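The values are calculated or read from the model by the stated rules, or taken from the named source; none is laboratory data. All figures in this text were calculated on a predicted structure; none of them were measured in a lab. Cβ: placed from backbone, ideal geometry, glycine included. Neighbour counts: every protein chain shown. Note: areas computed on protein heavy atoms with side chains; ligands, DNA, RNA excluded. Shrake-Rupley method; radii C 1.70, N 1.55, O 1.52, S 1.80 Å.
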Amino acid sequence: MEPPQDTSENPNDVLSDDDSSPENTNPDDQEIPSTTLDPPISDTQDESSDPVPDEQPQNTNSNPAEPGPPARKRRRRKRFFTELIANPSFSKNRRPRISGLAREMDTEALIAISVGFPVDSLTEEEIEANVVSRIGGQEQANYIVVRNHILARWRSNVSVWLTREHALESIRAEHKNLVNAAYNFLLEHGYINFGLAPAVKEAKLKSFDGVERANVVIVGAGLSGLVAARQLVSMGFKVVILEGRTRPGGRVKTRKMKGDGVVAAADLGGSVLTGINGNPLGVLARQMGLPLHKVRDICPLYLPDGKAVDADVDSRIEVSFNKLLDRVCKLRHSMIEEVKSVDVPLGTALEAFRSVYKVAEDSQESMLLNWHLANLEYANASLMANLSMAYWDQDDPYEMGGDHCFIPGGNERFVRALAEDLPIFYGRTVQSIRYGIDGVRVYAAGQEFCGDMALCTVPLGVLKKGSIEFVPELPQRKKDAIQRLGFGLLNKVAMLFPYNFWGGEIDTFGHLTEDPSMRGEFFLFYSYSSVSGGPLLVALVAGDAAIKFELMSPVESVKRVLNILRGIFHPKGIVVPDPVQAVCTRWGKDRFTYGSYSHVAIGSSGDDYDILAESVGDGRVFFAGEATNKQYPATMHGAFLSGMREAANMLRVARRRSLVLSDKVNNDLEKCDTLDKLFENPDLTFGSFSALFDPYSSDVGSHALVRVKFHGDKLTSSHLCLYGLITKKQAIQLSEMNGDGDRMNSLHRDFGVKLVGGKGLSNVAELLISRIKAAKPT
């Protein structure tokens, strides 16, 4: 360690003595597809999934396979190199420099880093929340120590609700303001006191500050929508969730498979928690008492004839593959320095270097290289030809550390718990979202849902397809980002067997193919026997093969998988039985997704994730989902965190709007008084209608302000006045009609006028009022 450097007058002086040492455990995700089937073999557009048993799964391991080739580490991951493009702050986010702090504070800082906080600076959200009076300096340094301490304290016991008083206990009294700032920020942004522990759920049933807030319509009951809904409820918002499917979860779907006395829970969509450290899904697992199964790194590879790949050749090609990626990294640095905004397909660049350096020229080496390329296509849900060479791995610096894990019983256990007690309307496919100064109107299944704000959490594939009409249209900036970002495909074949014939020593194994165009077809197998409750094997289909897969019948697909498995295990004397049930996903054909998960396509960059996350309509429509999360795209935890992010954004906007409204109250009351006085002497009165004409124009086409006065016992005041802008001629036409009913119908049907309150009048109407006031002083 370096010599001590203090980041406060003495950082240890900020905290009181406390012997509690927070722990640091958590997990994450993987890809994102979704669909289901009927036994024994089928493909799946969506349907209600059966409940998954909560019992602890039993390991089924009869007739284990012989030990395979030497162990190889092959996770689904995108990080092959860590050089970044023109962003030195990334290194700060990854490597702590906290020398001089006490051991406890060192641990607390590491926990803060694991959830995405920089080491010695504030996040943009903290700056926007004004957590300190001045950026930089002593106050900020002390705030960071306090924030890290509060965060670590809750993470040490995520089953309790950490109160403000508890947060103050171990911090010196003079820092109370910093405690309040840090506590409020962490609470409102979902860093503490979130999840499914009984104490947390009970506390979140009511507004944490006692304030009742706006109505929110959430489109989509995937992870981001469910998380946002729970957080918004705890903030005092009223929410309703509209979901087109007949189940929650979106691209997280667990299917119960059974037959011949065996049963298993198969994750057909998001399945692997990709990194435990700092992962909010890891917090949920701890709160629910779910044991995590580490995905073991051993991944033997097999040739098309079933023989194991030579270990030396395997190692050599893996090293060569990583060197190719390193060379591409250096190339893109020089290209971007010389020519801004230049981009080419990652696959083209890799092939060029492969050819120049004569990598993988013989048959086995070529197949091995293609296997690594298929693994990369799996990580990105994209063909190599579609990936941006410049920015395909822009999220690598934020990757969560720790093991990759499975959840026993499937990830739908999270979904069911998150959806509990939320007002979800299933079978409500949203067709239109209309927004303006008066709020939002969401149209789904012939119904209109009104609110102050809306949160759209549909997958990028749905936005690309244009399935939802936005009125007014989304800003061109956002539409361009939607088109630029990639949204690709990964499919699966889940097979439940009568027994485990592949053995219990491994969680993955791979298969090579001679056809480069089909390198992603069943290239990787996941064994879920240790977590699913039964002998379950899942084959992955990535890249171009994933597209062709959806054109193949499920029966043919399963046949091809079985031929591969029998080619691997029969020579070992191991019989591969027919599956008792099989499921083939069809995520590309699923009208609720049109694909699996996002990637940075050619011409796109990480900035497009941020653009997609921007709200529209001056804080009326917000966006969440994995494709709105620049740091953690294509992951379940990315979707989860985006829901938390938008809940905090909506709270901020609601508070701002509340302040603006309170500032306008006096002005609005004054305006109502002015209108009342002006309409004491209208130019025309008929029934409940009155009209004021432009005093400076005799043209029948000039503007007129019409008022309709409603009376009723249920009104909070004796009457309600609504206003509309029409022409003088239209006012005269209304006066000639019989009855207010006909006048109202004509006003809406023939003139297309929407009546509003006094404060909802347009600028043109305000100008007319000014002209009338000038001619008729009040």
Query raised in the report: Quick one: net charge of Leu725's neighbours, Cβ under 14 Å, K/R +1, D/E -1?
Result: +3
Report summary line: Expressed per residue, the solvent accessible area of segment 259-365 in Å² (1.4 Å probe) is about 43 Å²
Requested in this report: Could you pull out the trypsin sites (Lys or Arg not before Pro) across segment 688-778 that fall in loop regions by DSSP (anything but H, G, I, E, B) with no more than 16 other Cβ atoms inside 10 Å?
Outcome: Lys714, Lys754
Query - Mean-position separation - Cα centroids, segment 614-630 and segment 673-715, in angstrom - result: 41 Å
Report summary line: One finds the C-alpha centres of segment 734-777 and segment 481-522 to be spaced, in Å, by 64 Å
Query raised in the report: Where in segment 343-383 are there chymotrypsin sites (Phe, Trp or Tyr not before Pro) that are in a DSSP coil and have at most 16 other Cβ atoms within 10 angstrom of their Cβ?
Result: Tyr357
Report task. Mind ranking Glu126, Glu736 by accessible surface for me, highest first, 1.4 Å probe? Result -> Glu736, Glu126
Query raised in the report: How big is the accessible area of His711 in square angstrom, nearest 10, if you roll a 1.4 angstrom probe over the protein chains?
Result: 140 Å²
Query raised in the report: Going through segment 436-543, which trypsin sites (Lys or Arg not before Pro) have at most 16 other Cβ atoms within 10 Å and a DSSP loop state?
Result: none
Query raised in the report: Taking square-rooted eigenvalues a ≥ b ≥ c of the alpha carbon gyration tensor, is segment 680-775 rounded, prolate or oblate, where a/c under 1.5 means rounded and, failing that, a/b exceeding b/c means prolate?
Result: oblate
Query raised in the report: Going by the alpha-carbon gyration tensor, a ≥ b ≥ c the square roots of its eigenvalues, is segment 366-490 rounded (a/c under 1.5) or, if a/c is not under 1.5, prolate (a/b greater than b/c) versus oblate?
Result: oblate
Report summary line: Under the rule rounded for a/c under 1.5, else prolate if a/b exceeds b/c, else oblate, using alpha carbon gyration tensor axes a ≥ b ≥ c, segment 178-299 is classed as oblate
**Report entry** Quarter of Cα convex hull surface for segment 100-193, i.e. mean projection, nm²
**Finding:** 5.7 nm²
